Each structure stands twice: as structure tokens, then as C-alpha cells.
């Protein structure tokens with residue numbers, strides 16, 4: 001069994017509706033039974049619990065069985081708020097699927113992440129160290145110390 005879970009966009013601003021879609025597929029040679037799609041958590045950057053604007057009915061999250069090679073899809077939607085955006089960062093929706101296969105419990109879990117663009121904290125984050133500008137993956141080679149380091153031996157601070 002495989003769960004593929006994602007969002008219809010990678011970035012969002014307040015007022016955008018994001019569609020999260022879960023695809024459950026049976027890639028085994030056996031039937032899956034008692035399949036249950038379980039929304040685990042849905043939060044913004046402040047870890048505030050969020051509620052989907054629309055989601056499948058509770059009975060649609062339980063799928064009686066899937067034959068080998070079959071699959072199902074379920075979608076959830078959420079409208080991004082100004083509060084979500086003010087925290088910056090991302091929306092994170094975690095989804096899990098559980099099923100029974102040949103008498104054993106099988107599970108899969110994935111997260112869908114949507115970045116909130118134009119958020120309060122710009123990226124890349126501006127350095128708090130003077131003279132470094134923006135952090136980057138490029139090595140900084142032209143930074144000079146603000147003062148000369150003292151030599152411990154010359155400053156009388158090295159004890160023998």
C-alpha cells in the first residue's frame with residue numbers, strides 16, 4: 001500500500017484556497033481491507049491547529065477494500081488566512097493511511113507542505129552579524145574581523 005499526499009500549490013497567500021489530495025494505491029498482490037485515511041495534524045508555523053474548509057465525510061475516510069492494482073483519492077481544502085500568513089513559514093498537513101493485508105496492519109504516512117509567500121520573515125533571512133548581508137550557500141571569504149585578536153601569550157593570559 002502506498003499513500004501519495006500533496007497540495008495543488010507550493011506557495012499561497014491569504015485568500016488562496018489550497019487543495020490537499022491523498023491517493024491510496026494497492027501495489028501488492030493481495031487485497032487490502034479495512035482501509036482508513038486518518039488526518040494526523042494540520043498546523044501553521046505557530047503550530048496552531050487548523051480546520052479544513054471542506055473534507056470527505058467520516059464514512060468516506062473508511063474504504064472497505066482495495067483489490068491489487070486499485071486506488072482511491074480523497075481531497076481536502078483550506079482557505080489561507082491573514083493570521084496564517086502573519087506567522088510566516090508554512091502550512092503542514094500530515095496524513096496517514098492504515099489497512100489490513102493478510103492479517104497484518106500496514107501503514108503509510110506523508111506530509112504536504114505549503115509555503116506562505118510574502119510572509120513576515122523574508123527568505124533568505126538577513127544575518128544578525130554585521131557585514132554578512134544575507135546568508136547564502138556561497139562561502140563568505142571577504143569578512144575581516146572587527147578587531148585584531150589578542151595573542152594569549154602576549155597578553156599574559158596564558159598560564160604555564
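Each reported figure results from applying straightforward, stated rules to the coordinates on display, with no laboratory input. Since this is a predicted model, take the numbers as computed values, not measurements. Note that each Cβ is placed from the backbone with ideal geometry, even for glycine, and that neighbours are counted across all protein chains shown.
A few comments on the model shown:
- Each part reduced to its alpha carbon centroid, the stretch 89-115 and the stretch 1-66 end up 8 Å apart.
- Maximal additional length on extending the residue 92-residue 52 stretch stands at 13.2 nm, based on 0.36 nm per residue less the C-alpha distance.
- Sorted by Cβ density within 10 Å, fewest first, the residues 59, 109: 59, 109
- Residue exposure proxy: 102, 61, 66, ordered by other Cβ atoms within 10 angstrom of their Cβ from fewest to most, comes out as 102, 61, 66.
- Added length on full extension, which subtracts the Cα-Cα distance from 0.36 nm per residue, residue 82 to residue 60: 4.8 nm
- The residues 19, 24, when put in order of fewest to most other Cβ atoms within 10 Å, stand as 19, 24.
- Computed over the alpha carbons of the stretch 2-116, Rg followed by Dmax gives 15.3, 48 Å.
- Compared with the alpha-carbon gap, the fully stretched path from residue 33 to residue 107 is longer by 25.4 nm at 0.36 nm per residue.
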